[in-house]
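Colleague: Quick one: the structure is below, questions incoming.
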Amino acid sequence: MRRLIVSGAIALAALATGAVAIAAGTEAHPPHKHWHFQGPFGTYDRAAAQRGYQVYAEVCAACHSLSLLAYRNLTELGLTENQVKGLIKDIQVPDLNDDGQPIERPARLSDSFRKPFPNAAAAAAANNGKAPPDLSVIVKAREGGPDYIYALLTGYVPFDKLTPEQIKEFAVTKDDNFNAYFPGHKIAMAPPLSDDKVTYADGTKATLSQEASDVTEFLAWASEPYMEDRKRTGVRVILFLLALAGLMYAVKRQVWSNKH
Amino acid sequence: MASSHGTPPVFNNKVIAWIDHRLPIFSYVEKEYHTFPTPRNFNYFWNFGAIATVMLVLMIATGVVLATNYTPHVLMAFDSVERIDRDVPQGWLIRDLHMNGASFFFIAVYIHIFRGMYYGSYKAPRELLWILGVVIFLLMMATAFMGYVLPWGQMSFWGATVITSLFSAIPVVGDSIVTWLWGGFSIGNPTLNRFFALHYLLPFIIVAVVALHVVALHVHGSNNPLGIDPKGPQDTVPFHPYYTMKDGFGVVVFLIVYSIVVFFAPDYLGDAANYIQADPLVTPTHIVPEWYFLPFYAILRAVPDKLGGVIAMFGAIAVLFVLPWLDTSRVRSATFRPIYKWCMLLLVIDVVVLGFCGANPPAGFWIPLSQVATLYYFFHFLILLPVLGKIERPLPLPPSIADAVLKKKAG
């Protein structure tokens, strides 16, 4: 719907060139999934995003940083400060003590998310030479956004399920991870999620699909925590401008009434 | 320049009269924006000059606020832009307005340029007015290009690499010029710093050229959809309130469309790859500029030779400077030019086709298509326009604006 409205607006503005989507490669197009945060009034599903944080913290955080977020931001997901303090009570972050010596201390609300590796070189060294990407804006940084992230997390194909043509065309070996949606298909990341990888506190059954969709909801929020504010402001601004345009048109008609 | 605009105004307020006697700003505004005689028959295409002005002011206002929160350093620029979104109060709003404002400034200016072409606004005595407009367009392109580099995403970095490397096509001194532009032997912190400085400077130069553009406009007044000169007061209305109201209404409608994108699809016109921090070691699969440069990017890539491509791309803008002399027809408005009218439509289609060519990887049928479209672009300006003016038989022009307006009303 959002695309439709925008497309109309763009066409009106004689901007056909802007709407060019660039599709390339042999990867399957990620199927469209409904997200709670879609559409002009869509909001983040707080429960799903909280579960998604659990998936991030227990699985993704082992390799992927989330450097633009601080623990205090988690209160925006509907958690109280005490609940967040409980979530982070076992997390240690690096700091310097009064003597300037590096130490580890318990994380505070004001701390940025703990990085899994001390620096990019260490991250690369621990991951076959390529540092795992930071996930702070990952949903905005990929064509297809949340659909792509979800498709990637659920799109692994085991080696024995591949056709001989696929194995030949992409030179896949038993040690490779084949993903239907990753550009080039061979992805360094082993399948990160599986059924019952986490145990949800709220009793939700932790299927692969549920985990992937929850962590995508969380990462979508992490990419744009201000989205709800943006849409709310937008509704007010556009209602105001519509009323103003009506008034302006009425006055303009009045002014011009003796001229045509 | 205002001698023909009626008697000098008399100000009853003593303070205003005192100031105006010494610094005639009030007389100026009175003459140029109140009583200024303006053709009575503008259509809504004539709103886009005012709309572009509003966008320019909006870009400078939001840009100054962004600059107070931005860090022009290769290690910090990307995160500082995200910090604006996340940690500066309403920072996301300022950035979304600025980021999409560039696109909407170009939309307004492209429509404004189309209007000038369709209604022959560049013809005598408005050649310099037109040329100043092309100068503004060029300055806008430079400003937009450097602004796109500042967030230091992948497209920022690689777009900058592609565009600055164009200068290496210049024989003999090309490589030295590129090193000079970069401030080093690769794109790095000195490049980012100078682009930031210039991105802040150029908009104010645009303001100065816009002022000249307006001065030139007010010498002979605006062209109009009929392309014939006003012959007396019956053909004109005072600028205020007639066009202040009409422009105001148009501006608000434009802002509604702009707001839909800003608030509900702020990243629609951008490239997802620009949310990946610049990495000199990883080249994106497709390097594409922002949508408003795509037709020119297509022309650049249509020519198999690097230097030839650069010349063609700059030539595509250079022809606009001499447009007033390429078009040999004495009739301004396409309304009375039965063939030219269709040529303008074809040119618009051609530029849109070029845009699609620029957005797609240069492979398969996109290559010959972009070459044909590039040839047609130059054919339109260099051959069609000069010849058409000689052979086309224009329709009879109405005796006056008032005559045409009143006849239309009666019929």
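The values are calculated or read from the model by the stated rules, or taken from the named source; none is laboratory data. Source: prediction; values computed, not measured. We place every Cβ from the backbone using ideal geometry, glycine too, and count neighbours over all the protein chains shown. Keep in mind that these areas ignore ligands, DNA and RNA; they rest on the heavy atoms of the full protein, side chains included. Shrake-Rupley method; radii C 1.70, N 1.55, O 1.52, S 1.80 Å.
Colleague: Within the range B:28-44, take every residue that is under 26 Å from the mean Cα position of the chain (by Cα) and among the charged types (D, E, K, R) and give me the one that is farthest from residue B:211 (Cα to Cα).
Modeller: In this case the residue turns out to be B:40.
Colleague: Moving to a separate point now. Scan the range B:321-330 and tell me whether some residue there is of a type in the set (Lys, Arg), surrounded by fewer than 20 Cβ atoms within 10 Å (Cβ to Cβ) and not in a loop (DSSP other than H, G, I, E, B).
Modeller: Within the range B:321-330, not a single residue is of a type in the set (Lys, Arg), surrounded by fewer than 20 Cβ atoms within 10 Å (Cβ to Cβ) and not in a loop (DSSP other than H, G, I, E, B).
Per-residue answers, yes or no, for (1) aromatic (Phe, Trp, Tyr); (2) open to solvent by less than 40 Å² (accessible area, probe 1.4 Å); (3) away from chain A (no Cβ under 14 Å); (4) in contact with a helix residue (DSSP H, G or I) (Cβ under 9 Å, 6 or more places away or on another chain):
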| residue | (1), (2), (3), (4) |
| --- | --- |
| B:60 | no, yes, yes, yes |
| B:75 | no, no, no, yes |
| B:93 | no, yes, no, yes |
| B:97 | no, yes, no, yes |
| B:100 | no, yes, no, yes |
| B:104 | yes, yes, no, yes |
| B:107 | no, yes, no, yes |
| B:115 | no, yes, no, yes |
| B:122 | yes, yes, yes, yes |
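Colleague: In this structure, is residue A:245 of a type in the set (A, V, I, L, M), in contact with a helix residue (DSSP H, G or I) (Cβ under 9 Å, 6 or more places away or on another chain) and closer than 30 Å to residue B:93 by Cα?
Modeller: Yes, satisfied.
Colleague: Now for a different question. Here is a list: B:282, B:257, B:303, B:252. Which entry is open to solvent by less than 20 Å² (accessible area, probe 1.4 Å) and of a type in the set (Val, Ile, Thr)?
Modeller: None of the other options fit; the residue is B:252.
Colleague: Right, something else. So, in the range B:83-103, of the ones that are in a helix (DSSP H, G or I) and β-branched (Val, Ile, Thr), which residue ends up nearest to residue B:63 (Cα to Cα)?
Modeller: Checked the range B:83-103; the qualifying residue nearest to residue B:63 (Cα to Cα) is B:94.
Colleague: Go through (1) open to solvent by less than 40 Å² (accessible area, probe 1.4 Å); (2) away from chain B (no Cβ under 14 Å) for residue A:140 and report which single condition fails.
Modeller: In the conditions (1) open to solvent by less than 40 Å² (accessible area, probe 1.4 Å); (2) away from chain B (no Cβ under 14 Å), residue A:140 misses (2) alone.
Colleague: From the residues in the range B:378-411 that are surrounded by 16 or more Cβ atoms within 10 Å (Cβ to Cβ) and within 14 Å of another protein chain (Cβ to nearest Cβ), which one is nearest to residue B:311 (Cα to Cα)?
Modeller: Looking at the filtered set, the residue picked out is B:401.
Colleague: Somewhere in the range A:115-122, is a residue away from chain B (no Cβ under 14 Å), under 30 Å from residue A:181 (Cβ atoms) and loosely packed, with under 14 Cβ neighbours inside 10 Å?
Modeller: Checked the range A:115-122: at least one residue is away from chain B (no Cβ under 14 Å), under 30 Å from residue A:181 (Cβ atoms) and loosely packed, with under 14 Cβ neighbours inside 10 Å.
Colleague: Suppose we filter the range B:263-273 for residues that are open to solvent by less than 50 Å² (accessible area, probe 1.4 Å) and either part of a loop (DSSP other than H, G, I, E, B) or out of contact with any Asp or Glu (no Cβ under 9 Å at 6 or more places or on another chain) (or both); how many remain?
Modeller: 7
Colleague: Which residue pairs have Cβ atoms under 6 Å apart, sit 6 or more places apart or on different chains, and have a first residue in the range A:84-113 that is under 26 Å from residue A:52 (Cβ atoms) and free of Cβ contacts under 8 Å to residues at least 60 places away in the same chain and a second that is part of a strand (DSSP E or B) and of a type in the set (Gly, Ala, Ser)?
Modeller: A:112/A:70
Colleague: A follow-up question, please. Given the options B:221, B:153, name the one that is in contact with a strand residue (DSSP E or B) (Cβ under 8 Å, 6 or more places away or on another chain), more than 14 Å from every other protein chain (Cβ to nearest Cβ) and open to solvent by less than 20 Å² (accessible area, probe 1.4 Å).
Modeller: After ruling out the rest, the residue left standing is B:221.
Colleague: A follow-up question, please. In the range A:1-9, is there at least one residue being within 14 Å of chain B (Cβ to nearest Cβ), within 30 Å of residue A:233 (Cα to Cα) and at pLDDT 95 or above?
Modeller: No, the range A:1-9 contains no residue that is within 14 Å of chain B (Cβ to nearest Cβ), within 30 Å of residue A:233 (Cα to Cα) and at pLDDT 95 or above.
Colleague: Which of the residues belonging to the range A:111-159 are under 28 Å from residue A:174 (Cα atoms) and part of a strand (DSSP E or B)?
Modeller: Selection gives A:156, A:157.
Colleague: Just to be sure I understand, how many residues within the range B:77-90 are within 12 Å of chain A (Cβ to nearest Cβ), of a type outside the set (Val, Ile, Thr) and open to solvent by less than 60 Å² (accessible area, probe 1.4 Å)?
Modeller: Here the count works out to 6.
Colleague: Between residues in the range B:205-234 that are among the hydroxyl-bearing types (Ser, Thr, Tyr) and residues that are part of a helix (DSSP H, G or I), which pairs lie under 8 Å by C-beta distance while being six or more apart or on different chains?
Modeller: If the second residue must be part of a helix (DSSP H, G or I), the pairs left are B:222/B:46.
Colleague: Taking into account only those residues within the range B:21-58 that are under 23 Å from residue B:108 (Cβ atoms) and part of a loop (DSSP other than H, G, I, E, B), which is most open to solvent (accessible area, probe 1.4 Å)?
Modeller: Checking each candidate, the answer is B:43.
Colleague: Turning to a different aspect of this structure: Within the range A:234-241, identify whether any single residue is within 28 Å of residue B:78 (Cβ to Cβ), open to solvent by less than 40 Å² (accessible area, probe 1.4 Å) and within 27 Å of the chain's Cα centre (by Cα), and answer yes or no.
Modeller: Within the range A:234-241 (the criterion being within 28 Å of residue B:78 (Cβ to Cβ), open to solvent by less than 40 Å² (accessible area, probe 1.4 Å) and within 27 Å of the chain's Cα centre (by Cα)), the answer is yes, since at least one residue qualifies.
Colleague: Assigned to a loop (DSSP other than H, G, I, E, B), modelled with pLDDT of 95 or more and within 14 Å of chain B (Cβ to nearest Cβ), is that true of residue A:183?
Modeller: no
Colleague: Does the range A:84-101 include one or more residues that are of a type outside the set (A, V, I, L, M) and touching a Cys at 6+ places or on another chain (Cβ under 9 Å)?
Modeller: The answer is no, given that none of the residues of the range A:84-101 is of a type outside the set (A, V, I, L, M) and touching a Cys at 6+ places or on another chain (Cβ under 9 Å).
Colleague: Ok, one more. What are the pairs with Cβ atoms under 6 angstrom where one residue, in the range A:220-247, is within 7 Å of another protein chain (Cβ to nearest Cβ) and the other, located anywhere, is part of a helix (DSSP H, G or I) and of a type in the set (Ser, Thr, Tyr)? Sequence gap at least six, or different chains.
Modeller: Sorted first by the residue in the range A:220-247, then by its partner, the pairs are A:237/B:259; A:238/B:259.
Colleague: Just to be sure before I move on: is residue B:204 farther than 21 Å from residue A:256 by Cα and either surrounded by 19 or more Cβ atoms within 10 Å (Cβ to Cβ) or of a type in the set (D, E, K, R) (or both) in the structure I sent?
Modeller: no
Colleague: Here is a follow-up. Condition test on residue B:111, is it β-branched (Val, Ile, Thr), in a helix (DSSP H, G or I) and under 27 Å from residue A:233 (Cα atoms)?
Modeller: It is false that residue B:111 is β-branched (Val, Ile, Thr), in a helix (DSSP H, G or I) and under 27 Å from residue A:233 (Cα atoms).
Colleague: Could I ask something else about it? Give the number of residues within the range B:331-345 that are open to solvent by 20 Å² or more (accessible area, probe 1.4 Å) and either touching a strand residue (DSSP E or B) at 6+ places or on another chain (Cβ under 8 Å) or among the basic types (Lys, Arg) (or both).
Modeller: 2
Colleague: Moving on. I'm checking my understanding of the structure. Among residues of the range B:346-374 that are outside any helix (DSSP H, G or I) and surrounded by fewer than 20 Cβ atoms within 10 Å (Cβ to Cβ), which one is nearest to the other protein chains (Cβ to nearest Cβ)?
Modeller: B:361
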